[in-house]
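Written out below as structure tokens is the structure these notes cover.
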Amino acid sequence: MQAIARVKRVFKDKPGDLRRDAGADHPPLPEPGDRGGPGHRGDETLRDIARELVETVRNNVTIDWTLRENVRAQLRVLVKRILRKHGYPPDKQEKATQTVLEQAALSAEWAAA
């Protein structure tokens, strides 16, 4: 739920209806207005990053991934690789990676309940 609220907040001033967007449940990234963040390059870049992050996390989690450090480490590597590929600032990658994994863990807890 927090991820959806964050996405709505990020895209609140953007045209389009998020309910029609298949990727509206993307993990959050820093606000587009953040200087040096991906938002200054456009909404399409943000959507591409978010969609790729969601797909990667979904394809690489296991049932007990939140308990296994080696799985979390592999996810961190994959998330950072995606951020780097899209030109995300290196100094902000650690925070964004942590945020993505926190949101993924919350989503996993919600789905298990």
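FYI, it's all coordinate maths here, none of it is from the lab. Small disclaimer: the values here were computed from a predicted structure and weren't measured. Heads up, the Cβs are rebuilt from the backbone with ideal geometry, glycines too, and the neighbour counts pull from every protein chain shown.
Miscellaneous remarks
- Only residues that are aliphatic (A, V, I, L, M), in a helix (DSSP H, G or I) and surrounded by 12 or more Cβ atoms within 10 Å (Cβ to Cβ) were counted across region 49-76, and they come to 7.
- Qualifying residue in region 59-70 (condition: within 10 Å of the chain's Cα centre (by Cα) and hydroxyl-bearing (Ser, Thr, Tyr)): no
- Counting the residues of region 45-90 that are among the polar types (S, T, N, Q) and closer than 12 Å to Leu101 by Cβ gives 4.
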